[in-house]
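Report on the following structure.
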Amino acid sequence: MFGIPGKQAVTLTPAAAKQIARLMARDARQGLRIGVKKGGCAGMEYTMEWAEDQKPFDEVVEDKGVKVLIDAKAMMFLLGTEMDYQSSALKSGFVFNNPNQVSACGCGESVQLKPAD
């Protein structure tokens, strides 16, 4: 709806799509909604929640067999973002490679974002 014609607002790496698909199958879910909210020491935090339904202005991204909904209020901050899933001996989780990110706090839990150009 608000994306750039011919380009997805958010793309998924194969690792992210595989993890989302695994979690969706395990929990019998229809999709994942991502967004941003004010919080943390850097100003904003990424949000993720299971989508029970599609809200009227959600941007729908279907990539690599999974459905991700982007909260309309977050769209201007997430355009061009790649969502990845990384796992190591110490931690695992989703990572957002966002060209609109200006900085991040030291612990990595919050970010400073600018609206997409």
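The values are calculated or read from the model by the stated rules, or taken from the named source; none is laboratory data. Here the structure is a predicted model, which is why all the values come from computation and not from measurement. Counting neighbours? That spans all protein chains shown, and the Cβs are built from the backbone with ideal geometry, glycine included. Heavy atoms of the whole protein, side chains included, go into the accessibility calculation; ligands, DNA and RNA do not. Shrake-Rupley method; radii C 1.70, N 1.55, O 1.52, S 1.80 Å.
Observations, loosely collected:
- Take every Cα pair under 8 Å whose residues are at least 6 apart in sequence, average their separation, divide by the length of the chain, and the relative contact order is 29 percent.
- Listed pairs Lys38/Lys91; Lys38/Lys114; Lys38/Lys73; Lys55/Lys114; Lys18/Lys114 exceeding 22 Å between Cα atoms: Lys38/Lys91; Lys55/Lys114; Lys18/Lys114
- Given the chain, longest segment not containing exposed loop trypsin sites (Lys or Arg not before Pro) (DSSP; at most 16 other Cβ within 10 Å): 30-63
- Largest GNM mean-square fluctuation across Asp53, Asp71, Asp84, computed for the chain with C-alpha springs under 10 Å, falls on Asp53.
- The GNM of the chain, with springs linking C-alpha atoms under 10 angstrom apart, assigns the highest mean-square fluctuation among Gly31, Gly40, Gly65 to Gly65.
- GluC sites (Glu not before Pro) restricted to DSSP loop in the stretch 40-85 with at most 11 other C-beta within 10 Å: Glu52
- Built amide H within the under 5 Å cut-off of Thr47, gap 5+: Gly35, Val36, Lys37
- Simple spin-label estimate for Met48 and Lys114 gives 2.7 nm between the two label positions (7 Å along the Cα-to-Cβ direction from each Cα).
- Chymotrypsin sites (Phe, Trp or Tyr not before Pro) within the stretch 19-95, DSSP loop, no more than 15 other Cβ atoms inside 10 Å: Phe57
- Inter-label distance for Met76 and Cys105, nm, one decimal - labels placed 7 Å from Cα along Cα-to-Cβ: 2.4
- Magnitude of the charge dipole for the chain, about its Cα centre and with charges confined to Cβ atoms of Lys, Arg (+1) and Asp, Glu (-1), is about 160 debye.
- For the stretch 48-114, the fraction of 1.4 Å probe accessible surface lying on carbon and sulfur atoms is 50 percent.
- Three-way shape label, the stretch 1-100, alpha-carbon gyration tensor, a/c 1.5: rounded
- Choice from Val66, Val36, Val95 with maximal GNM fluctuation in the chain (Cα, 10 Å cutoff): Val95
- Accessible area in square angstrom per residue, the stretch 14-55, 1.4 angstrom probe: 61
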